[in-house]
Amino acid sequence: MKRTYVTGECWRCDAVDVPVLWLGPVQSQDHGDGPFYCCEPCVQRLEALVRAHHSRGVASA
Ligand SMILES: [Zn+2]
């Protein structure tokens, strides 16, 4: 999967003017979808969460 960092704002920790990666559409309650961008440290944290999620072997949300 191609993962290209662009300079922008992290939607997780509010860092600005940092390299961020588009992780996918985020669904909001009232305003439709938005682009979920995260900075490198947040991406690493989410990678760990995804890894832990799959290592549990249960596809629960
Ligand atoms: Zn961040």
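We did not get these values from a lab; they are worked out from the coordinates using the rules stated. Keep in mind the model is a prediction, meaning the values are calculated, not measured. Here the Cβ positions follow ideal geometry from the backbone for every residue, glycine too, while neighbour counts run over all protein chains shown.
Looking at the structure I just gave you, is residue 26 aliphatic (A, V, I, L, M), in contact with a Gly (Cβ under 9 Å, 6 or more places away or on another chain) and more than 10 Å from the ligand (Cβ to nearest atom)?
On the way: aliphatic (A, V, I, L, M): yes; in contact with a Gly (Cβ under 9 Å, 6 or more places away or on another chain): yes; more than 10 Å from the ligand (Cβ to nearest atom): yes.
Criteria met by residue 26.
Can you tell me which of 51, 12 is of a type in the set (D, E, K, R) and within 14 Å of the ligand (Cβ to nearest atom)?
Values: 51 fails: within 14 Å of the ligand (Cβ to nearest atom).
Going through 51, 12 in turn, the sole match is 12.
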> Could you give every pair whose Cβ atoms fall below 7 Å, whose first residue belongs to segment 29-51 and is within 24 Å of residue 7 (Cβ to Cβ), and whose second residue is within 16 Å of the ligand (Cβ to nearest atom) and acidic (Asp, Glu), counting only separations of at least 6 or pairs across chains?
Replying inline: 37/9
> Given the conditions (1) assigned to a strand (DSSP E or B); (2) surrounded by 13 or more Cβ atoms within 10 Å (Cβ to Cβ), and given that residue 6 satisfies all but one, which numbered condition is not satisfied?
Replying inline: (2)
> If we scan segment 34-41, do we find a residue that is in contact with a helix residue (DSSP H, G or I) (Cβ under 6 Å, 6 or more places away or on another chain) and within 16 Å of the ligand (Cβ to nearest atom)?
Replying inline: no
